[in-house]
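Encoded as structure tokens, the structure appears first; notes follow it.
The values are calculated or read from the model by the stated rules, or taken from the named source; none is laboratory data. These numbers were taken from a predicted model, which means no experiment stands behind them. Every residue, glycine as well, gets a Cβ built from its backbone with ideal geometry; the counts of neighbours run over all protein chains shown.
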Amino acid sequence: MQETRFKDSTNGKTNAYSKAGYGLAICHHGEILQGKFYDRDGTLRRGLVTLPCDRYQAGAHFVPDGSGMLTVEPAFKKKALRAVRVTLDHLKELKVGGRLIVDSDIPEGWGLGSSTGDVVAAIMAVADALEIELTEEHVGALAVESETAADSIMFIDRAVLFAQRDGLVIEDFGGQFPSFEVLGFNTEPNSNGVDTLAFEPANYNMHEIDRFVKLRDIMRQAVQLQDAKLLGQVATESSEINQFYLPKLRFDDMQKLAQEIDSVGLQMAHSGTVGGFIFDPGTALLDEKMAEASAKLIEWGFEITCRFQVGESKK
């Protein structure tokens, strides 16, 4: 690729960039935990623990130039374009222009983080093109500034409680997720999904906030002990609380089915239509039980999205 040269906007030096930048982001499959939590200063913040899923991905290429003009392909990826502007602004590269190309297979409206995938990939592509390293925390803050609310898919190997509207980590649980498998499904495959920003955030009461304190403690234990059953407990109870604010079809039936197939937990997207049965990888006859669950879900009119693994057992 021909080398592009332009003036640095802060110190007048001429910089050279000889490559396009590339960024890649995975999707997620809803949340393990979502609610309101106290940070270390006692401030109550909305937060979530995202369920990472690598079955769908968003990729972005950024080709910088000195024009000061930015374009994106396809043109409707406006949040990704805003992410480029926000990132360049924070990097003090105000005169940098360029072309962003986004390619994603993440379905929209299901609660899989399609827009966050675009945004995170774009941020990483800009940083790659300018040969600047950004921390996961920095990427998270930029993503929230770019799209108001963002999932924590930028934290690759860390389980964190992330303030999705404030762009900061409320708690780092000190490790990776325990190993588990998920059978994912869409409860409303023929709907238009949920517009996350148009969806009014849940107005949790103090009883529910107290429950979130306990679930946060259990989530911490799940990571520290690498215990999929504890993680499943957190997901189920969080889904029960949030069912009041965004009801899912046949929720009671899903809970009963979870017990019948020896699932350790039921997780739901708290601003989407997907959900999943969580399994301990060591579950006896796991393939047969997933097949049984799939048949029942299809009978209900649901659609299987994917089967995927999380944690060190991931193949």
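Only a single criterion out of (1) crowded, with 24+ Cβ neighbours inside 10 Å; (2) more than 19 Å from residue 144 (Cβ to Cβ) is not satisfied by residue 103, namely (1).
Condition test on residue 152, is it modelled with pLDDT of 95 or more, within 16 Å of residue 112 (Cα to Cα) and either of a type in the set (S, T, N, Q) or more than 17 Å from the chain's Cα centre (by Cα) (or both)? It is true that residue 152 is modelled with pLDDT of 95 or more, within 16 Å of residue 112 (Cα to Cα) and either of a type in the set (S, T, N, Q) or more than 17 Å from the chain's Cα centre (by Cα) (or both). Take residue 280 and decide whether it is within 25 Å of residue 38 (Cα to Cα) and either charged (D, E, K, R) or in the same structural domain as residue 56 (by TED's automatic domain parsing) (or both). No; evaluated as a whole, the condition is false for this residue.
For the stretch 142-154, residues that are of a type outside the set (Asp, Glu) and surrounded by fewer than 20 Cβ atoms within 10 Å (Cβ to Cβ) total 1.
Number of residues in the stretch 53-71 that are within 27 Å of residue 91 (Cβ to Cβ) and surrounded by fewer than 23 Cβ atoms within 10 Å (Cβ to Cβ): the value is 11.
Taking residue 146, is it under 14 Å from the mean Cα position of the chain (by Cα) and among the hydroxyl-bearing types (Ser, Thr, Tyr)? The answer is no for residue 146. The residues on offer are 94, 134, and the sole one that is among the hydrophobic types (A, V, I, L, M, F, W, C), surrounded by fewer than 18 Cβ atoms within 10 Å (Cβ to Cβ) and assigned by TED's automatic domain parsing to the domain that holds residue 48 is 94. Can you find a residue in the stretch 246-267 that is of a type in the set (A, V, I, L, M, F, W, C), touching a helix residue (DSSP H, G or I) at 6+ places or on another chain (Cβ under 9 Å) and under 20 Å from residue 191 (Cα atoms)? Within the stretch 246-267, one or more residues are of a type in the set (A, V, I, L, M, F, W, C), touching a helix residue (DSSP H, G or I) at 6+ places or on another chain (Cβ under 9 Å) and under 20 Å from residue 191 (Cα atoms). Scanning the stretch 241-259 for residues that are within 12 Å of residue 183 (Cα to Cα) and assigned by TED's automatic domain parsing to the domain that holds residue 212 turns up at least one hit.
Among the residues making up the stretch 272-315, those that are assigned to a loop (DSSP other than H, G, I, E, B) and under 28 Å from residue 159 (Cα atoms) are 272, 273, 280, 281, 282, 283, 284, 311, 312, 313, 314, 315.
For every residue, the table says whether it meets (1) at pLDDT 95 or above; (2) farther than 25 Å from residue 163 by Cβ.
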residue: 65; (1), (2): no, yes
residue: 75; (1), (2): yes, yes
residue: 88; (1), (2): yes, no
residue: 123; (1), (2): yes, no
residue: 128; (1), (2): yes, yes
residue: 137; (1), (2): yes, no
residue: 140; (1), (2): yes, no
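Only a single criterion out of (1) of a type in the set (A, V, I, L, M); (2) out of contact with any Gly (no Cβ under 7 Å at 6 or more places or on another chain); (3) touching a residue at least 40 places away in the same chain (Cβ under 8 Å); (4) more than 17 Å from residue 29 (Cα to Cα) is not satisfied by residue 234, namely (4).
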